[in-house]
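Notes follow once the structure below has been shown.
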Amino acid sequence: MKLPGLIQHFYRHYVVYTLLTLLLLACSPKIKPDSILLRRDSILRVGTTGDYPPLTSFDTLTGKFTGDEINMALALGKHLGKKVVFVKTSWKMLTEDMLANKFDLALGGISVNAARSKLFNFSSPLLLDRKVAVFRLSDQSRFLDFKSIDQPNVRVIENIGGTNEIFAKQHIRQANLQVIADNQQVFKALLSNTADVMFTDETEAKYQQKKHPELSWLSLDEEISPAYAKAIMYAKKDTLLLQTINNWLKKYH
């Protein structure tokens with residue numbers, strides 16, 4: 001069937017426009033064909049340690065995760081139309097597990113730092129935090145500043161693999177430093193007097209002090225402990241996910 005001249009002209013230009021649009025979408029650096037948002041499955045795999053309350057906690061009896069960022073992940077999954085499946089990781093294995101594609105994104109108190117930023121993308125900041133010192137309330141008069149903590153007779157304890165360990169190793173010169181596997185055992189060590197001090201984020205320190213009134217915490221000088229962001233972490237190649245999450249966070253907050 002021969003189309004009228006005007007319709008033929010429109011149809012020809014429409015086909016060209018459509019082909020160009022598809023080509024631009026395919027070549028665009030902003031929209032990657034391997035984005036998790038373009039996958040056919042309806043699963044969103046979220047990696048989290050489950051040992052950083054109030055942001056992420058794991059109940060060994062029920063096998064369930066809870067926390068502020070766990071709730072956020074569930075809300076994000078609903079927004080994306082995907083079922084959230086939580087994958088347990090650890091601070092030591094977080095980077096390795098993410099690189100091994102064991103989950104699509106990670107959250108739960110994850111600090112943005114130079115080493116991680118070289119490997120992964122991060123969302124807009126969820127909150128700003130800084131390192132503080134946590135110790136027993138009975139030692140409040142003993143630990144007045146960082147200098148009084150970094151002494152040969154002080155026992156510092158940290159969990160392995162996270163920014164707490166990195167901070168302690170960067171700044172401790174004289175105190176005795178012990179690194180253990182379980183983040184939650186660190187606070188038990190303080191309470192049982194088998195360790196004196198730990199460095200952690202202010203968010204966690206406030207939570208633990210509320211839970212255990214016999215603990216106290218101390219702000220450190222900004223020169224030693226500058227503020228940093230906590231955010232959602234995911235693969236660098238997935239720029240579509242980056243844009244989508246950042247747009248969603250504007251409404252979620």
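Across segment 102-126, what is the total count of residues that are surrounded by fewer than 17 Cβ atoms within 10 Å (Cβ to Cβ) and over 19 Å from G161 (Cα atoms)?
Number satisfying all stated conditions: 2.
Report whether or not F135 is outside the structural domain of Y234 (by TED's automatic domain parsing), assigned to a loop (DSSP other than H, G, I, E, B), touching a Phe, Trp or Tyr at 6+ places or on another chain (Cβ under 9 Å) and not charged (D, E, K, R).
no
Go through the residues of segment 76-86 one by one and say whether even a single one is surrounded by fewer than 18 Cβ atoms within 10 Å (Cβ to Cβ), on the phi < 0 side of the Ramachandran plot and either of a type in the set (F, W, Y) or in contact (Cβ under 8 Å) with a residue 60 or more places away in the chain (or both).
yes
Conditions: (1) surrounded by 13 or more Cβ atoms within 10 Å (Cβ to Cβ); (2) free of Cβ contacts under 8 Å to residues at least 12 places away in the same chain. S141 meets all but one. Number of the miss?
It fails just one condition, (1).
Among the residues of segment 90-113, write down those that are more than 16 Å from A235 (Cα to Cα) and touching a Gly at 6+ places or on another chain (Cβ under 6 Å).
Passing the criteria: W91, K92.
The values are calculated or read from the model by the stated rules, or taken from the named source; none is laboratory data. Remember, it's a predicted structure, so these values are computed and weren't measured experimentally. Virtual Cβ from ideal backbone geometry, glycine too; neighbours counted across all protein chains shown.
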